[in-house]
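The values are calculated or read from the model by the stated rules, or taken from the named source; none is laboratory data. Predicted model only: the values in this text are computed from it and were never measured. Cβ: placed from backbone, ideal geometry, glycine included. Neighbour counts: every protein chain shown. The accessibility values were calculated without ligands, DNA or RNA, using every heavy atom of the protein model including side chains. Shrake-Rupley method; radii C 1.70, N 1.55, O 1.52, S 1.80 Å.
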Amino acid sequence: MFGLPAGILLSGRSGNRAPRSRIHLRRFAGPESYVEQMAPLRVAHLTDQHVGKVTPYAVQLEAVAKANAEQPDLVVLTGDFVCHSQLYLDQLTELVSLFKVPAIAVLGNHDHWSGAPEVRLALRKGGVEVLNNQNTVITLRGQKLQVVGLDDAYTGHADKDQATRGLNRALPTLGLSHIAEEADALWTRGVPFVLSGHTHAGQITVAKLHELAAGRLFGHRYVHGLYGSRARGPGVSGAVYVGAGIGAAIMPLRVGERARREVTIFELGVSPGSFDEHHKEQEALQGRRPSPALQAKRARQVVEKRERRERDQAANPRKP
């Protein structure tokens, strides 16, 4: 087994008491299968920035600074970069340009509601590679990591077959999907580990209210944290991590330790159990798939919002 990456035992520790950070740092190992495939690589995961007036820009900057301070090899971003509009796309470009290492992203439902082409352009202007039902191979410190990027399933844009077409099964493969429930099907297509977002951890995690709301009410199997198994062997499907996110779409209320805004560090190529993790693997909730009627409604909302933007632009051509 490879040793831990330099600095893992020292990261975030200081002899002086610092002000309480608004961004919580959580750390996990990758799947057991990666250990034989790669030397350790560090990946920082951020999700649900929702750049806009609901989330202070200072919070966004703190999240990027915390990720950079961990000296990752790669940053991955799993969607919902905006909040109902395109007013802050320049700010989004500025924000993501501050990452000091390569960054790869997929879009979320808010990005499609607000205009996927425009959000993609803003990210790419900031140096972020956006995967739209695609996979890519990136070389980091002389070794290859395969990344699968699934477009947003909430709004009906995910295509798992297209996203996994041509995968090299000999390479360690990391999946990105805004909606965590898509991980079940990605596992069977050769993607053992998936990072996701969307739920904001339920935002209120006291007395497991996040599981009651996001799980029972909205039907999510995966609400926050690590689910599944990172072991290898017969009967093992895979694992998925759901980040708590940075921003908020409506109100920034977050209650409970699990609901804190977070940057998550994944030590890929390091065996689970090699260091203390934030929590253990969890079993999935019962969950409930959206009905065909609900899926059609969500897809229709994207079209309706785009048509409304086009009408507004035609009526007010000088309006940004």
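Annotations
- Rounded, prolate or oblate (a/c below 1.5 giving rounded, otherwise prolate when a/b exceeds b/c) for segment 243-320 by Cα gyration tensor: prolate
- Contact order relative to length of the chain, as percent, for alpha carbon pairs under 8 angstrom and 6 or more apart: 25 percent
- Probe 1.4 Å - accessible area at D90, Å² to nearest ten: 120 Å²
- Net length available on complete extension from K297 to M251 is 14.1 nm, with 0.36 nm assigned per residue and the Cα-Cα distance removed.
- Take every pair of alpha-carbon atoms less than 8 Å apart whose residues are at least six positions apart; their mean separation over the length of segment 72-189 yields a relative contact order of 25 percent.
- Cα gyration tensor category, rounded, prolate or oblate, for the chain with a/c compared to 1.5: rounded
- Sites E118 and Q286, calculated FRET efficiency, Cβ-Cβ separation with R0 45 Å, nearest 0.05: 0.75
- Separation of the A39 and D161 label points, Cα + 7 Å toward Cβ, nm: 4.0 nm
- Between T136 and E310, the modelled label-to-label distance comes to 2.9 nm, taking each label 7 Å out from Cα in the direction of the beta carbon.
- Taking θ as phi - 60° and the Karplus parameters 6.51, -1.76 and 1.60, the scalar couplings of segment 304-313 work out to 4, 5, 5, 5, 5, 4, 5, 5, 5, 5 Hz in sequence order, x denoting glycine and proline.
- Violating pairs (Cα-Cα greater than 25 angstrom) within the set K100/K280; K100/K144; K53/K297; K160/K297; K100/K125; K53/K305: K100/K280; K53/K297
- Sequence-distant aspartates and glutamates (8 or more away, or on other chains) whose Cα lies within less than 17 Å of K66: D48, E94, E262, E267
- Of E36, E262, the order by accessible heavy-atom surface (1.4 Å probe, DNA, RNA and ligands excluded), from most exposed downward, is E36, E262.
- Carbon + sulfur, % of accessible area of the chain - ligands and nucleic acids excluded, 1.4 Å: 52 percent
- Segment 132-178: C-alpha gyration tensor shape, a/c 1.5 cut-off, then a/b vs b/c: prolate
- The long axis of helix 116-125 is offset from the longest Cα principal axis of the chain by roughly 50 degrees.
- Sum of -39500 (n - 2.57) over DSSP H runs of 4+, divided by residues of the chain (222 nm, nearest 500): -6500 deg cm²/dmol
- Segment 82-176, dipole about Cα centre (Lys/Arg Cβ +1, Asp/Glu Cβ -1), debye to the nearest 20: 500 debye
- Only Lys, Arg (+1) and Asp, Glu (-1) charged, at Cβ; the chain dipole about Cα centre in debye: 520 debye
- Result for the chain in a Gaussian network model with C-alpha springs under 10 Å: among L285, L186, L89, the largest mean-square fluctuation is at L285.
- Of all DSSP-defined beta bridges confined to segment 76-181, some 40% are antiparallel rather than parallel.
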